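*Asks:* One structure, as structure tokens, below. Some questions next.
Read the figures in this text as sums done on the coordinates, not as results from a lab. Note that the structure is predicted; figures quoted are calculated from it, not measured. Methodologically, a virtual Cβ is constructed for each residue, glycine included, from the backbone with ideal geometry; neighbour enumeration extends over all protein chains shown.
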Amino acid sequence: MSTEEVTRCPWCGGELVVDSDGTLICSVCGAIVDELMIDQTYGQKPPGRSQTGPQHVKSRHIVPTSVIDKETKQLMTPDSSSRLKNFKTILDHCTTLLKQLGVQIDDTQRMLLERYIMQVLEKGTEEGKQIRRTSAGAVAAAIVHVFLRKIGKPKSIKIIQKLAVDKFKIAKNSRQISRAIHLVERLLGEPRFASAEQFVLSLGSELNLGAIIIRVAQAVCKLARLEHLTLGKAPNGIAAGAISITYKYLEGRQIRSLLARVAGVSDVTIRYRETELEENPRIRRFLQRVSELYRKGDLDSLYAFIEEYLKQAEAEVARARS
């Protein structure tokens with residue numbers, strides 16, 4: 001059998017070590033080599049299966065350096081070996097889920113995602129909460145939910161649950177994912193919810209809305225919070241309602257159906273949020289003035305008005321509370 005083997009890390013040139021499964025791992029940067037071996041021969045065909053052409057053995061996982069023994073340059077066992085397998089499984093689920101959500105992440109964000117996975121595995125082990133294969137999918141969905149909130153691209157639990165269940169078959173029901181989210185948030189020390197302003201930015205980017213639409217909708221969310229209209233309501237619903245009413249005032253059109261599909265809420269919920277926002281006198285006056293400036297095309301005056309109006313509203317609310 002003729003083979004082409006990799007002896008050095010193709011990224012950093014570091015020395016490669018072999019784990020118990022025969023996988024080559026870089027002892028410097030901690031990466032598993034992309035293509036370990038390419039078998040150029042046909043070999044013997046296994047019973048009941050066809051085998052033609054070169055056989056490629058690939059792996060695109062990144063191995064945390066914390067599971068490599070610095071002295072022996074081998075993977076630590078036995079606990080870290082099972083933890084590494086869980087890490088690979090959860091990372092696979094997270095990567096696939098992010099791809100289905102249409103979210104692209106850079107190297108820095110990928111490192112954050114990997115650190116989140118390791119923290120959940122390590123702290124979960126310390127508390128006696130082992131992540132089993134049956135729950136790895138739900139934990140992956142929970143980590144993605146928290147991770148997207150952290151990088152400013154939050155997604156509703158309903159959207160993540162739909163993809164996790166319907167596409168990957170990795171979670172049985174919403175209760176399993178909800179329990180996993182509570183566990184992950186506690187282990188990572190992350191806050192429970194993203195703000196409505198964060199959801200506005202995420203939804204606006206996904207729908208390719210203009211910067212002025214996003215800025216006005218964020219201002220509407222802030223005014224709604226000052227007026228106590230957000231209490232007990234999901235932030236993605238508030239954000240969808242703010243974008244919908246902003247688009248109606250500035251562009252004269254409705255985009256409820258499109259927003260409902262992207263935000264993970266119903267058309268009825270968006271309509272309720274719109275009504276609550278428009279019935280508030282402070283928000284209605286704000287939108288009317290913004291609409292006038294927008295039609296004139298005076299964007300500099302529009303941005304200045306938004307900042308001045310928000311400062312004035314905060315000062316009035318502060319005086320009312322004192």
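*Asks:* How big is the charge dipole of segment 196-321 about its Cα centre, in debye rounded to the nearest 20, if each Lys and Arg gets +1 on its Cβ and each Asp and Glu gets -1 on its Cβ?
*Replies:* Details: 19 positive and 16 negative charges, 40 e Å.
Using only the charged Cβ atoms, the result is roughly 200 debye.
*Asks:* Around residue 17, which amide H atoms from residues at least 5 apart in sequence, or from another chain, sit under 5 Å from its own amide H, with H modelled in the peptide plane?
*Replies:* Those qualifying (amide H under 5 Å, at least 5 residues apart or on another chain) are 25, 26, 27.
*Asks:* Still on this structure, please answer the following. Sorted by mean Cβ packing within 10 Å, highest first, what order do the peptides 227-233, 141-147, 266-272, 151-157 take? Provide the component values of the computation, followed by the final result.
*Replies:* On the way: 227-233: 13.0, 141-147: 25.7, 266-272: 16.6, 151-157: 20.1.
Answer by packing, highest mean first, reads 141-147, 151-157, 266-272, 227-233.
*Asks:* In which sequence would 87, 193 go, from the one with the fewest C-beta neighbours within 10 Å to the one with the most? All intermediate terms of the calculation are to be shown ahead of the outcome.
*Replies:* Values: 87 23, 193 13.
Ranking 87, 193 by Cβ neighbours within 10 Å, fewest first, gives 193, 87.
*Asks:* For residue 284 and residue 108, what does the FRET efficiency come to when R0 = 35 Å and r is the distance between their Cβ atoms, rounded to the nearest 0.05? Could the numbers behind the result be given before it?
*Replies:* On the way: r = 42 Å, r/R0 = 1.20.
Efficiency computed from Cβ-Cβ geometry: 0.25.
*Asks:* Test of understanding: what is the full-extension gain from residue 301 to residue 179, defined as 0.36 nm times their sequence separation minus their Cα-Cα distance? Numbers along the way, then the final one.
*Replies:* Details: separation 122, 0.36 × 122 = 43.92 nm, distance 4.78 nm.
Gain on stretching residue 301 to residue 179: 39.1 nm.
*Asks:* Shifting gears a bit: Rank-order 196-208, 214-226, 114-126, 235-247 by packing density, defined as the average count of other C-beta atoms within 10 Å over each peptide's residues, highest first. Before the final figure, lay out the partial values.
*Replies:* On the way: 196-208: 20.8, 214-226: 23.1, 114-126: 18.4, 235-247: 27.7.
The peptides rank, most packed first, as 235-247, 214-226, 196-208, 114-126.
*Asks:* How much length, in nm to one decimal, is gained on full extension between residue 310 and residue 158, taken as 0.36 nm per residue of separation minus their Cα-Cα distance? Can you show the working numbers first?
*Replies:* Values: separation 152, 0.36 × 152 = 54.72 nm, distance 3.20 nm.
Result: 51.5 nm gained on full extension.
*Asks:* Given the pairs 99/158; 248/296; 99/248, which span a C-alpha to C-alpha distance of over 20 angstrom in this model?
*Replies:* Beyond 20 Å: 99/248.
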